[in-house]
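All remarks here apply to the structure that follows.
The values are calculated or read from the model by the stated rules, or taken from the named source; none is laboratory data. Bear in mind the structure is a predicted one, so any value in this text is a computation, not a measurement. With ideal geometry, Cβ positions are generated from the backbone for all residues, glycine too; neighbour counts draw on all protein chains shown.
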Amino acid sequence: MAPAQQPAGAGAADYPSRPVRVIVPFSPGGAVDGPTRAVAAELGRRLKQQFIIENKPGAGATIGAEQVAKAPPDGYTLLLASQTNAISATLYPKLAFAPLDDFAGISLLGREPGVLVVHPGLPARNVAELVAMAKERNGNLNYASSGNGSGQHLFMAMFASMAGIRLTHVPYRGSGQATTDLLAGTVPMAFPGSAGMVKHIQAGKLRALAVSGTQRAPNLPEVPTLAEAGLPGYSAYVWMGLLAPKGTPQAIIDKLHAEVKAALAAPEVRTYFAEAGIEVAGSTPAEMDAYFREERDRWARVIKETGAKID
């Protein structure tokens, strides 16, 4: 249980008076890690205090999320949440914290599509060829993900379900090793966020078959959406948002929201997001809360429809 709520104005005037920890419940170098660091650096410049990124990966982002849920609600420990947190709210039924109700929204930061990639050693050159190959192999085709309950896991599970194919999930402990093995051809395919894959695709180390958004990605304009590639209605995004422990004074939430809004408008952050193909989102705290719940409900339906489980 979170500590009792402090008075509404507690500490807001001089906040922050010491460094702020931002818990990223994923390994360094993943789809949401870099963008979060860019925003944290800008917040540090604006507020004259360090915003320190701490990576706490594992168990579908629940290890880092639990740490923040149980932290003092004083604005000095924040959580970078993503679709994985929304997924884990359903996929991990027995948690020592409430994945939604133990947090207060600050702001959405941005979103990017996932990209369905294969190692060049896999002969499939488009989605139709991959689907045909998967049907022929009948489950004997592996895909990597950054872990059980991750967006990469569920993006591919939804793809397999809509395409009517069986694939074998190979979960890793974070994006780093999953990407290493994908590039080596140890595991032939994956569905990571697009930002970290563009350089590998451009270098010919990976082949992009489709992106998961409703529109083509600006940094991968030649790659079709999955809807264009034969799966109408497919849509999924890697998103990132900032949360605080429930009970954090509203004045601190409001101050953080205002500063995040300014940070997202800063030239350095906008350039980083644009070059990575990340759409700047931004939201009010209430909109962040509502979006988190919508994503929880959406992925709960996907988990039920696909039969996805913790492997």
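In table form, for the structure just shown:
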read-out: Residue within segment 128-135 that is farther than 30 Å from residue 15 by Cα and in a strand (DSSP E or B) present; value: no
read-out: Only listed residue being within 28 Å of residue 70 (Cβ to Cβ), surrounded by fewer than 21 Cβ atoms within 10 Å (Cβ to Cβ) and in contact (Cβ under 8 Å) with a residue 60 or more places away in the chain, chosen from 266, 251; value: 251
read-out: Test result for residue 98, more than 23 Å from residue 260 (Cα to Cα) and either free of Cβ contacts under 8 Å to residues at least 40 places away in the same chain or among the polar types (S, T, N, Q) (or both); value: yes
read-out: Qualifying residue in segment 103-122 (condition: hydrophobic (A, V, I, L, M, F, W, C), within 18 Å of residue 164 (Cα to Cα), outside the structural domain of residue 61 (by TED's automatic domain parsing) and more than 20 Å from the chain's Cα centre (by Cα)); value: no
read-out: Identity of the residue in segment 232-248, under 15 Å from residue 299 (Cα atoms) and out of contact with any Leu (no Cβ under 6 Å at 6 or more places or on another chain), that ends up surrounded by the most Cβ atoms within 10 Å (Cβ to Cβ); value: 238
read-out: In segment 269-280, the residues that are in a helix (DSSP H, G or I) and either polar (S, T, N, Q) or crowded, with 19+ Cβ neighbours inside 10 Å (or both); value: 269, 271, 272, 273, 276
read-out: Among (1) assigned to a helix (DSSP H, G or I); (2) modelled with pLDDT of 95 or more; (3) surrounded by fewer than 19 Cβ atoms within 10 Å (Cβ to Cβ), the one test that residue 227 misses; value: (1)
read-out: Members of segment 164-179 that are assigned to a helix (DSSP H, G or I) and surrounded by fewer than 20 Cβ atoms within 10 Å (Cβ to Cβ); value: 176, 177
read-out: Total residues in segment 136-160, condition in a helix (DSSP H, G or I) and surrounded by 16 or more Cβ atoms within 10 Å (Cβ to Cβ); value: 10
read-out: Segment 22-37 residues that are farther than 12 Å from residue 175 by Cβ, paired with ones that are of a type in the set (S, T, N, Q) and surrounded by fewer than 20 Cβ atoms within 10 Å (Cβ to Cβ) (beta carbon under 7 Å, 6 or more apart); value: 23/67
read-out: Residue count for segment 123-155, restricted to those that are without any contact (Cβ under 8 Å) to a residue 24 or more places away in the chain and either in contact with a helix residue (DSSP H, G or I) (Cβ under 9 Å, 6 or more places away or on another chain) or not assigned by TED's automatic domain parsing to the domain that holds residue 190 (or both); value: 1
read-out: Test result for residue 291, outside any helix (DSSP H, G or I), at negative phi and of a type in the set (Phe, Trp, Tyr); value: no
read-out: Sole residue being touching a residue at least 12 places away in the same chain (Cβ under 8 Å) and at positive phi, chosen from 277, 241, 196, 213; value: 277
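So that you can scan it fast, the table gives a plain yes or no per residue for (1) at pLDDT below 95; (2) among the hydrophobic types (A, V, I, L, M, F, W, C); (3) more than 24 Å from residue 235 (Cβ to Cβ):
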| residue | (1), (2), (3) |
| --- | --- |
| 73 | no, no, yes |
| 93 | yes, no, yes |
| 99 | yes, no, no |
| 103 | no, yes, yes |
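Per-residue answers, yes or no, for (1) surrounded by 20 or more Cβ atoms within 10 Å (Cβ to Cβ); (2) of a type in the set (Val, Ile, Thr):
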residue: 181; (1), (2): no, no
residue: 192; (1), (2): yes, no
residue: 197; (1), (2): yes, no
residue: 201; (1), (2): no, yes
residue: 208; (1), (2): yes, no
residue: 214; (1), (2): no, yes
